[in-house]
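Data block below; observations after.
The values are calculated or read from the model by the stated rules, or taken from the named source; none is laboratory data. Everything numeric in this text was worked out from a predicted model, so none of it was measured. As a convention, Cβ positions derive from the backbone with ideal geometry for all residues, glycine included, and neighbour counts pool all protein chains shown. We work out accessible area using only protein heavy atoms, side chains counted, and drop any ligands, DNA or RNA first. Shrake-Rupley method; radii C 1.70, N 1.55, O 1.52, S 1.80 Å.
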Amino acid sequence: MTDTTRDARDARDARDVRDAGDPQEAESRPPLTPLEKARAAVRSRTAPPARAEALLPQEECDALASRMQHAVVGFVDGPQDAVAEADHVLEELAARFTDAVNRRRSALRGSWQPTDRQSEATAPDTEQLRLALRDYRELSERLLHV
């Protein structure tokens, strides 16, 4: 793809994002400046995937949320028991997240780190490393914004 084509695509993508609101308002806006185009291009290349894989299955999340809700509702009748249950739920949630992150990290490491049996010839190429770095970044950002 030529730079001109890429610039046109980036400008179009930036307009699409900017114009996603009210169409009449979009028509009254001035065209994008070169700085806006550049920022849109960087955002489009560095944005994480739109739909990330969940760390925990939805059923587990629902069950833990239900247990926490039960603890909150039970506070009036048994405050100490309710707080103890909330503590257990948080402990279990933290353990499950830790296990899930460790499994994901192990899978990521396996995608780029050669094993003892692999030779230099089968070492990952730059594209595999780029994809691994992207996945590490995406997971880190998800964890930082939980």
Original post:
If VAL101, VAL89, VAL83, VAL146 are ordered by their accessible area, calculated over protein heavy atoms with a 1.4 Å probe, which sequence runs from highest to lowest?
Top reply: VAL146, VAL83, VAL101, VAL89
Original post:
What ³J(HN,Hα) values, in whole Hz, does the Karplus curve 6.51 cos²θ - 1.76 cosθ + 1.60 give for region 136-143 when θ = phi - 60°, with x put for Gly and Pro?
Top reply: 4, 4, 4, 5, 4, 5, 4, 5
Original post:
What is the calculated FRET efficiency for GLN128 to GLU53, with r their C-beta to C-beta distance and R₀ = 22 Å, to the nearest 0.05?
Top reply: 0.75
**OP:** Mind grabbing the accessible area of GLU91 for me, 1.4 Å probe, Å², rounded to tens?
**Re:** 120 Å²
